[in-house]
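Contents: one structure, followed by commentary.
The values are calculated or read from the model by the stated rules, or taken from the named source; none is laboratory data. Only a predicted model underlies this, so the values are computations on that prediction, with no experimental measurement involved. Cβ placement follows ideal geometry from the backbone for every residue including glycine, while neighbour counts extend to all protein chains displayed. Ligands, DNA and RNA are stripped out before the accessible areas are found, and what is left, the full protein with its side chains, is counted by its heavy atoms. Shrake-Rupley method; radii C 1.70, N 1.55, O 1.52, S 1.80 Å.
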Amino acid sequence: MIEVKDLKKAYNGREALKGISFGIKAGEFYGLLGPNGAGKTTTISILSSILNPDSGEVIIGSNSLKNSPKDIKKIIGVVPQELAVYNELTAFENLMFWGSFYNVSKKELSNRANALLKLFGLEDRKGEKVKNYSGGMKRRINIASSLLHQPRVLFMDEPTVGIDPQSRNLIFEVIEKLHREGMTIVYTTHYMEEAERLCDRIGIIDNGKIIAEGTLDELKNSNAVKETIAMTFLMLSKNDSVKLSSSWPDMKQMNNTIHFYSPNVKTDLSKLVLLCNQIGLEIVNIEILKANLETIFLQLTGKQLRD
Amino acid sequence: MIKVALKDLRIFLKDRRSMLLTFAIPIALITLFAFAFGGVGKGKEDSKVSLLISDLDNTAASKEAIMLFDSLKSVSISTMSLEDAEKAIKKGKVSSVLVIHNGFSDSLQQGAGLPLELKYDGAKEIEVGLLQQSLIPTIAMLPFNLGDSKMMMGNRLARIAGVSNLDKKQDIQFRSNELFDVISKSISENESKEQINPTEMFIGGDIKMTKLVKATNDNQLGLIQAVAGTAVMMLLFSVVGIGLGLLDEKQEGTLKRLLYTPLNPLNILFGKMIAANLISIFQLVVMFLFASFVFGLKIGEHLPGLLLMIIATAFACSAFGVLLASFAKTKQQVQGLSTLIILVMSAIGGSMMPLFFMPVIMQKAAVISVNYWSIQGFYDIFWRNLPVLSTTFLSRILVLMVIGLILNSVAVIMFRKNILKLA
C-alpha cells in the first residue's frame, strides 16, 4: 500500500531524513517510533504530500507522490498532532467542514458525521461549540474530522497526547475497529504500550534513519536485542563504573543502577555477581528485564523514548 | 529569574522584526506628526493659502489690486483664465478662483461696490472660508489704497441714509469728507500707532461667493469627513483582524490541516480574500446606513457611485489585511505593523483631519494612502456631486482597484513562501 524508498529531507543544511525506506501492506497497522526530532513528523508530512522531499520516492496505492499528490490526498486522512479543529464551531459543523473537500454529497456527509459522532461518543453534544469540550473530547473530534471521506490510509501523528484514560480507551477501540475493517494505519507515538497494543509492525526511527523494523516479536528476537540485568548498588564511584565497563562494555549507567545487556541471562548473571564482588560493590537489588519496546528502544538508540 | 530575563532579552535581540516594531513605530509616528503639526518640512510657501485670480477687468487698477493680494503673507497668488480656473476647480485640483470682473476700475473710482466674485468648490468650504478671512481685510482696503476712498465713503453713507436728492448727496459727501479728514488726522496722531484706517469703519469687504461645484449636502461637510475618514480607518483595523484569523489558523494547526485536504493551497488564501472583501463591504454598508439613519446622510441619491466606491475601498483595504497576515509570522508582528501602517495612512490620507489643514508636502504624500483615494471618492459622491462616469471619480476607483490587485498579488507570493515553511 505504501512504498517509501530512500527518502531524504534537509532543513537549512540539517538532515532530518537521511534516506529512509520502508513498506507497509494494505490493511496493516504500522507504528513509527522515535524520540522528538527523530523525523517522524517530517515523514508524515512528506507522505501526506504537504512537504516535498529533497529526494526519494513515495508510492501510496498506485499513486506516485511526485506525479499525483492530489490523488494521494483524496485517499489519505491525517490526524495531526495539534487539535486542529475550529473551537468556535460545533462538533457537527467541524465534521461537515472538514468532510466538504472530498466530493461527498451533503446528505451523505451529514450521515457520516452523525455516525462518527456516535462512534466517538459525542452524539449528545454534537451541537455544542468545540471550545466547551474537554481535552479528550477535542482529541476525539480531531480524529473524527479525518475520517469523513473514509480514507484508505490514515496517518495518525501522536493522536493521544495529553488525553484522559477514558478517551484513550475509546480512541483505541475506534482505531482497532477501523483497522479490522481494513484501513491501513500509520501511527506515530511516544507511548510504548500504545505501539505494543495496536501495531502489527513497528519501525524505530532515530536521527532521520530507520534503525530497526519488524513485528514486536521480530524486534525482541533479533540479534541486536538482548535481555537486561539491572543491578542497583549501595554506592557506586566513577572508578567502579570504569572497572565494570572495562569488563562488561555493553552496559548503561543510570545513577546507582547499571543495565547490563546480555544475550544469555542464565550464565551471565553469576558472572556479573562475581565481578561486582571482586570490585567490592555491595548489590542491593537485581532485576531481570524482559525485552520490550522500551528496552529495545533504549538499546538501539541509547535514549529513552521520551527524551 | 535572572536566567529567564536574560533568555527573553536574547530572544528579543535576535528578533529583528520585533526590534523594528518596538523602535520604528514610535520613531515613525513622531516623525509623521512632526511633519503634520510641528512645521517640519514646511517651507514659506507651504504656510500660504493658494489663490487663483482671474482678471477680466485687466486694467491698471485691477493689476494693482492683484499686487496688493500678492503682498499678503498668508496668500500665494497665481493668475489664470477664468475658463481654466473653473475647470481646475471642477476637477478638484484647486479650491477657488477670485474673479475681478469688468468694471472693477470704474467701481473703484466711483466708490461703488466692487465687482469681485469668489468661485469655489463646495467640497472645500472650510478651506475657502479660511481664504475668505484672509482676503476680506485687503478687499476692504482696496478703495482706500487704490481709489477715491472719500467719495466711496460718502456714497455709502448717502446710500445708507436712502438719499437720492443730488443736493443732499453733495451735503452728505461734504460732511463725510470732513469726518474722513478728522478721523485720518486722529489716527495719524494716535500714539499707539495702530494700523487703522477710517475706510474699514464704513466700507465692508463684501465679495460675491459662488459655488462652482455644488454640494447637495450643504451642511454636512463635517459629517462626510467623519463618516468617510473613520469608516476607511476602522475598516483597515478590522481587515487586520481578518488577517489575524489566518495567523490563528496557522498557529492552531487548522491551516496545516487544510493543506492535507485536496484543496489547492492558494484557494485557502483566495477564500480568506473573499471573506475579507465581503466583511469589508458589509462593514462599510453598515457604516453608511448608520450615517444615513442617524445623521441624515443622503445616500439614496448616490447609490450606484456609493456602492462602486464601497466595493473598490473594500477590495483595496481587505488586500492590505491579507497581505499583512501573509507577510508576518506572528500575531504580535501583525498587530505592531498594522498599527504603524494604519496610523500613517490615516494621518496622511485625511482620515484624521481634512487634507487642506496639512502642509503641501503632506498633501502630496497623501496619494500613497488607500485612505486618500477612498475619502476623495466619497467626497466626489456626496460633495462634488460628480456623476459615476466622471473621469475624476472613475480614476479614483481605478487607483483603488490597482492598489488592491498589487497587494493581493504580493500576498499570494508571500503566502506561497510561508506555506513551504509550515511543515
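Remarks
- First in segment B:382-404 and without any contact (Cβ under 8 Å) to a residue 24 or more places away in the chain and assigned to a loop (DSSP other than H, G, I, E, B), second anywhere and surrounded by 16 or more Cβ atoms within 10 Å (Cβ to Cβ) and of a type in the set (A, V, I, L, M, F, W, C), Cβ under 6 Å, 6 or more apart: none
- Subset tally (residues that are part of a helix (DSSP H, G or I), facing chain A (nearest Cβ under 9 Å) and free of Cβ contacts under 8 Å to residues at least 40 places away in the same chain) for segment B:253-271: 4
- Among the residues making up segment A:135-160, those that are at negative phi and either assigned to a loop (DSSP other than H, G, I, E, B) or not assigned by TED's automatic domain parsing to the domain that holds A:LEU117 (or both) are A:SER145, A:SER146, A:LEU147, A:LEU148, A:HIS149, A:PRO151, A:ARG152, A:PRO159, A:THR160.
- Condition check for B:GLN133: under 23 Å from B:MET151 (Cα atoms) and modelled with pLDDT under 75: no
- Residues that are under 13 Å from B:MET309 (Cα atoms) and charged (D, E, K, R), drawn from segment B:382-396: B:ARG396
- Meets criteria (farther than 20 Å from B:LEU130 by Cα, modelled with pLDDT under 80 and either open to solvent by less than 40 Å² (accessible area, probe 1.4 Å) or not in a helix (DSSP H, G or I) (or both)) for B:ALA112: yes
- None of B:ILE224, B:ILE242, B:ILE279 is more than 14 Å from chain A (Cβ to nearest Cβ), open to solvent by 40 Å² or more (accessible area, probe 1.4 Å), closer than 29 Å to B:SER351 by Cα and assigned to a helix (DSSP H, G or I) except B:ILE279.
- Per the listing A:GLY23, A:GLY56, A:GLY99, A:GLY31, the residue uniquely away from chain B (no Cβ under 14 Å) and within 30 Å of A:SER134 (Cα to Cα) is A:GLY31.
- Single residue of segment A:64-81 satisfying the filter (more than 7 Å from every other protein chain (Cβ to nearest Cβ) and touching a residue at least 60 places away in the same chain (Cβ under 8 Å)) that is farthest from A:ALA144 (Cα to Cα): A:ILE75
- The lone exception for A:ASN67 - which of (1) over 20 Å from A:PRO159 (Cβ atoms); (2) open to solvent by less than 50 Å² (accessible area, probe 1.4 Å) it fails: (2)
- Segment A:5-21, subset in a strand (DSSP E or B) and free of Cβ contacts under 8 Å to residues at least 24 places away in the same chain, residue most open to solvent (accessible area, probe 1.4 Å): A:ARG14
- Which listed residue, of A:ILE72, A:ILE46, is out of contact with any Pro (no Cβ under 7 Å at 6 or more places or on another chain) and either aliphatic (A, V, I, L, M) or in a strand (DSSP E or B) (or both): A:ILE72
- Only one entry of B:GLN376, B:GLN332 meets the criterion of being of a type in the set (S, T, N, Q), crowded, with 24+ Cβ neighbours inside 10 Å and in the same structural domain as B:ALA276 (by TED's automatic domain parsing), and that entry is B:GLN376.
- The listed residues are B:LYS169, B:LYS90, and the only one of them that is in contact with a helix residue (DSSP H, G or I) (Cβ under 7 Å, 6 or more places away or on another chain) and open to solvent by 80 Å² or more (accessible area, probe 1.4 Å) turns out to be B:LYS169.
- Selection from segment B:303-312 of residues that are open to solvent by 20 Å² or more (accessible area, probe 1.4 Å) and touching a residue at least 12 places away in the same chain (Cβ under 8 Å): B:PRO304, B:LEU308, B:ILE311
- Counting only residues that are of a type in the set (Phe, Trp, Tyr) and outside any helix (DSSP H, G or I), segment A:88-109 holds 1 of them.
- Any hit, segment A:237-246, residues being in contact with a helix residue (DSSP H, G or I) (Cβ under 7 Å, 6 or more places away or on another chain) and closer than 17 Å to A:LEU298 by Cβ: no
Condition check ((1) open to solvent by less than 50 Å² (accessible area, probe 1.4 Å); (2) of a type in the set (Asp, Glu); (3) touching a residue at least 60 places away in the same chain (Cβ under 8 Å)) across all residues:
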{"residue": "A:SER49", "(1), (2), (3)": "yes, no, no"}
{"residue": "A:GLY56", "(1), (2), (3)": "yes, no, no"}
{"residue": "A:LEU83", "(1), (2), (3)": "no, no, no"}
{"residue": "A:ALA91", "(1), (2), (3)": "yes, no, no"}
{"residue": "A:GLU108", "(1), (2), (3)": "no, yes, no"}
{"residue": "A:LEU117", "(1), (2), (3)": "yes, no, no"}
{"residue": "A:GLY135", "(1), (2), (3)": "yes, no, no"}
